[in-house]
Amino acid sequence: MGNRPPSGLARSLDEPRLVAHVVNRLDAAGAGSALLDLVNHTPAERYRHAVLCLREHSIYHAHLRERGVEVIDLHKRDGADPGHFLRMVRALRSLRPHLVHTRNLGGLEGQLAAALAGIKLRVHGEYGRDPLEPFVPHEPHHRRQPGLLRPGLRRLLRPLVGHYIAASAEQERWLIEQVGAEPSRVSHIAHGVDSLEFHPRLGPHAAVGPDGFMRDDAFVIGCVGRMDDANNDMTLVEAFLRLISSQHPAHARLRLMIIGDGPMREECQAMLERAGAAHRAWLPGERADTARLLRAMDLMVLPALAEGSGNALLEAMATGLPVVATSVGVHKELVQPGLTGILVPPMSPDVMAAAIADYCRIPEMGARHGARARGQVIAHHSLPAMARSYLAVYDALAAT
């Protein structure tokens, strides 16, 4: 192995180039679905992919491996764990990728590992708040930088990064103004959505959830994402409990479905049980059938305190759902108030409840907003366009 070149640069030009992605975890609301989409829309004759995952085996490991992607688990332990970094360097030396693409703070150390492994082409992407990222719940909202609270490590490793990718315009500005990235080395590439997989419901609600959860005239409020402090699902639960406690007859139809797992799931479930509303809610954890479950919803509600990715929002829009979302991060870029959804202040269950009530009581408004939302996704967020943008970045780096 000592005589092999340290990267894929000396290989045959006819061989597809290997991109090694370094991620903290592969989950439904983040790197898992995004990587699967990129793999599915990359020309196999040009690029192939491998994934180095720091922690937590998930359903996306199997999905990626089914598509011929090598997924290497680094088994990072909580706290100080230098062993996983050495395993990362060894794995990169063995893979000899043409390019390394790290994602968010959790994967950023892969830039140093790639440099030590002799891999010269390196990309780093910021795709929203990483669960590894410190989150300060009580920091004033105007001072929060969605998912990007601590720029110090990013500044330190900036010289190692050949090019940056930002999933939102806000993150692009943050990389330039706070991390110090050169504007010419930052590309804004919005997430894409498979509008064939994520399509509107064509008939009645699917039979989802436990017995007794659904009813024929149900109005299902949905949410998708990791259930943690930043995703702020408790505000949505509070808004739901306010609505079902009112006497308005339309509110008897309301059901709540939160798809995802995390430290707040148990607490949200306990809130619903204490209120005697558990039978009207379903919190099944992380699921692989997100597209099918979205078609069982009538409204997507995203209560996050910080959001830079927009994956769940775009998938809901592609499904033809109107959206109630907090006015933070990429939500402000993607939701057109009064046209595709309603923006509400963070941590405001009363305002959120009022917005949900409008859609519940005026179904034709939801149908109009959902149709416009799907049109917006088809026009501006196709997966082929997203993949072409990534390949343009990879090709430009290779050309240098």
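Points to keep in mind about this one:
- The trypsin sites (Lys or Arg not before Pro) of segment 296-378 include none that meets both criteria, a DSSP state outside H, G, I, E and B (loop) and at most 12 other C-beta atoms within 10 angstrom of the site's C-beta.
- Kyte-Doolittle mean at least -0.5 and Cα axial length at least 15 Å: DSSP H helices in the chain: 82-95, 233-244, 349-361, 383-399
- By the helix-only formula, in which each DSSP H run with n ≥ 4 contributes -39500 (n - 2.57) and the sum is divided by residues, the chain has a 222 nm mean residue ellipticity of -10500 deg cm²/dmol.
- Amide H partners (placed H, <5 Å) of Ala281, local residues excluded: Leu256
- Three-way shape call for the chain based on the alpha-carbon gyration tensor, with the a/c threshold at 1.5: prolate
FYI, it's all coordinate maths here, none of it is from the lab. Keep in mind the model is a prediction, meaning the values are calculated, not measured. In this analysis, Cβ positions are derived from the backbone assuming ideal geometry, glycine residues included, and neighbour counts consider all displayed protein chains.
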